[in-house]
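A.B. asks: I have a structure here, written as structure tokens, and I will follow up with some questions on it.
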Amino acid sequence: MRALRLQAWKSEPELVELPEPVPGPGQVVIRVGGAGACHSDLHLMHDFEPGQLPWQPPFTLGHENAGWVHALGEGVTGLTAGQPVAVHGPWGCGRCPRCRLGVDPYCDDIAAAPAPGGGGGLGLDGGMAEYMLVRDARHLVPLPERLDPVAAAPLADAGLTPYHAVRRSWPKLAPDSTAVVIGVGGLGHLAVQILKATTAARIIAVDMRAEALRLARDHGADLALPPEPEAVGEIRAATPGGRGADVVLDFVGSDNTLALAAQVTRTLGDVTIVGIAGGTLPISFFSIGYEVSVQTTYWGSRGELAEVLELGARGLLRPHVTLFPLERAVEAYRRMAEGTLTGRAVITPGAR
Ligand code: NAD
Ligand code: ZN
Ligand code: ZN
């Protein structure tokens, strides 16, 4: 089968021929219906030096996957050939209390994980190939009816990651609260929809691309504006008493977006950094509102993935996708890098 592989750090991925995977005991091979192209893959191609991460290339890209069960390893029960499934992407040790709850992204024993902090597409072979080996059947979440694997794929990361970030801030997102989404790409456009579907917050979106701002408005943002210097005043003016936003979700994570986030967050608010552009946010007593909580988040739990899939099946989340065959996956990444892609690119290696 053909697979899009990252062969070395600081390089473009290549389409190569690989043998089809065979499931070992407890493992499952899926035929990949959809594999989303995530901006993190661009970071993988360009930002990392050898030795910086606990794993290294070569591996097949694609950490946002859904497909159909193809082959079951010895001892796997509860799944049947042909069944549509989404892959919960972060693969922890499987034995620590967090993994047992499905909170693999924050595994307590990552040294015992097959690719510490990663999974298929992040250190191990991912979904940009016709077939993908899933190292443990517990990483598969059956799709609800009315949701097919191509539509489900982006929900496994572009949906799940913002869902977790929004969900942890639900108590601060009461009616008349304000949420700001910075960066309306693959993750951000679903963040807007998740806020709309699960809270009554006022939603403000920030992006430099007119197309992204249009997408945000189409999906329920009350205000969408570019990250100009005036943005701070405009965002504050849109909140009651000019007090600022209760929750800011930064899907970029540069010095500039973090500074904007800090300036528009009101006392007791949340600043959640999801984007990994590598910026920093200097914090001092006077630089940020009282009791503002700042955190990074990584992906989401298996239970949260089931919830996101349910929102997708009910039509409350509608990923805006552009489909690419595997041969054109490199083009999808190029368009993401140059900013001419709107929403998510989904590669369809094994869709028939
Ligand atoms: P994307 O390329 O689809 O979207 C990024 C969006 O941000 C684009 O619309 C772009 O125009 C906009 N943007 C860029 N710079 C901006 C700026 N200065 N101000 C306002 N908008 C700006 O990317 P994506 O796949 O949605 O990923 C977003 C980020 O999240 C990436 O850094 C990615 O690596 C990261 N990520 C993190 C996690 C996690 O678990 N923490 C998971 C997935 C992706
Ligand atoms: Zn990702
Ligand atoms: Zn664990």
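The values are calculated or read from the model by the stated rules, or taken from the named source; none is laboratory data. The shown structure was predicted, so the numbers you read here are calculated from the model rather than taken from an experiment. Every residue, glycine as well, gets a Cβ built from its backbone with ideal geometry; the counts of neighbours run over all protein chains shown.
A.B. asks: List pairs: first residue in the stretch 339-352 and within 30 Å of ARG217 (Cβ to Cβ) and in a strand (DSSP E or B), second residue within 14 Å of ligand 1 (Cβ to nearest atom) and of a type in the set (Ser, Thr, Tyr) anywhere in the structure, Cβ distance under 7 angstrom, at least six positions apart or on different chains.
C.D. replies: Qualifying pairs under 7 Å: ALA345/THR322.
A.B. asks: Just to be sure I understand the filter: pairs with C-beta atoms under 8 Å, separated by 6 or more residues or on different chains, first member in the stretch 142-167 and modelled with pLDDT under 95 and within 12 Å of ligand 1 (Cβ to nearest atom), second member outside any helix (DSSP H, G or I) and of a type in the set (Gly, Ala, Ser). Which pairs pass?
C.D. replies: Sorted first by the residue in the stretch 142-167, then by its partner, the list stays empty.
A.B. asks: Go through the stretch 47-73 and report how many residues are under 20 Å from PHE251 (Cα atoms) and at pLDDT below 95.
C.D. replies: 2
A.B. asks: Given (1) surrounded by 19 or more Cβ atoms within 10 Å (Cβ to Cβ); (2) away from ligand 2 (no atom under 16 Å from the Cβ); (3) farther than 18 Å from TRP299 by Cα, where does GLY73 come up short, assuming only one miss?
C.D. replies: (1)
A.B. asks: A follow-up question, please. Of all residues in the stretch 254-300, count the ones that are more than 30 Å from GLU64 (Cβ to Cβ) and assigned to a loop (DSSP other than H, G, I, E, B).
C.D. replies: 11
A.B. asks: Continuing with this model, one more query. Give me the residue from the stretch 264-300 that is small (Gly, Ala, Ser) and surrounded by 12 or more Cβ atoms within 10 Å (Cβ to Cβ) and, out of that set, nearest to ligand 1 (Cβ to nearest atom).
C.D. replies: GLY275
A.B. asks: How many residues does the stretch 247-299 hold that are among the hydrophobic types (A, V, I, L, M, F, W, C), over 19 Å from the mean Cα position of the chain (by Cα) and on the phi > 0 side of the Ramachandran plot?
C.D. replies: 1
A.B. asks: Taking the condition within 18 Å of the chain's Cα centre (by Cα) and more than 27 Å from ILE194 (Cβ to Cβ), does THR60 pass?
C.D. replies: Here the answer is yes, as THR60 does meet what is asked.
A.B. asks: Pick from ASP104, ASP109: which is among the acidic types (Asp, Glu) and more than 16 Å from ligand 2 (Cβ to nearest atom)?
C.D. replies: After applying the criteria, what remains is ASP109.
A.B. asks: Among the listed residues GLY300, GLY312, GLY339, which satisfies the condition of being in contact with a helix residue (DSSP H, G or I) (Cβ under 6 Å, 6 or more places away or on another chain), at pLDDT 95 or above and away from ligand 3 (no atom under 16 Å from the Cβ)?
C.D. replies: Checking each option against the conditions leaves just GLY312.
A.B. asks: LEU213 - would you say it is within 10 Å of ligand 1 (Cβ to nearest atom) and either in contact with a helix residue (DSSP H, G or I) (Cβ under 6 Å, 6 or more places away or on another chain) or of a type outside the set (A, V, I, L, M) (or both)?
C.D. replies: no
A.B. asks: Under 6 Å between Cβ atoms, which residue pairs at least 6 apart in sequence (or on different chains) link something in the stretch 43-70 that is surrounded by 14 or more Cβ atoms within 10 Å (Cβ to Cβ) with a partner that is at pLDDT 95 or above and of a type in the set (Asp, Glu)?
C.D. replies: So the pair list comes out as PHE59/ASP125; THR60/ASP125; LEU61/ASP41; GLU64/ASP157.
A.B. asks: Just the residues that are assigned to a loop (DSSP other than H, G, I, E, B) and either at pLDDT below 95 or closer than 21 Å to VAL150 by Cα (or both), please, taken from the stretch 22-38.
C.D. replies: CYS38, the sole residue that qualifies.
A.B. asks: So, VAL247, is that one within 30 Å of VAL141 (Cβ to Cβ) and within 13 Å of ligand 1 (Cβ to nearest atom) or not?
C.D. replies: For VAL247, the condition - within 30 Å of VAL141 (Cβ to Cβ) and within 13 Å of ligand 1 (Cβ to nearest atom) - is not met.
A.B. asks: Is there any pair with a first residue in the stretch 210-234 that is over 18 Å from LEU341 (Cα atoms) and a second that is among the polar types (S, T, N, Q) and not in a loop (DSSP other than H, G, I, E, B) whose Cβ atoms are under 6 Å apart and which are 6 or more apart or on different chains, and what are they?
C.D. replies: That search, which allows pairs on different chains as well, returns VAL232/GLN263.
A.B. asks: Counting only residues that are touching a helix residue (DSSP H, G or I) at 6+ places or on another chain (Cβ under 9 Å) and at positive phi, which one in the stretch 76-101 is nearest to ligand 2 (Cβ to nearest atom)?
C.D. replies: GLY94
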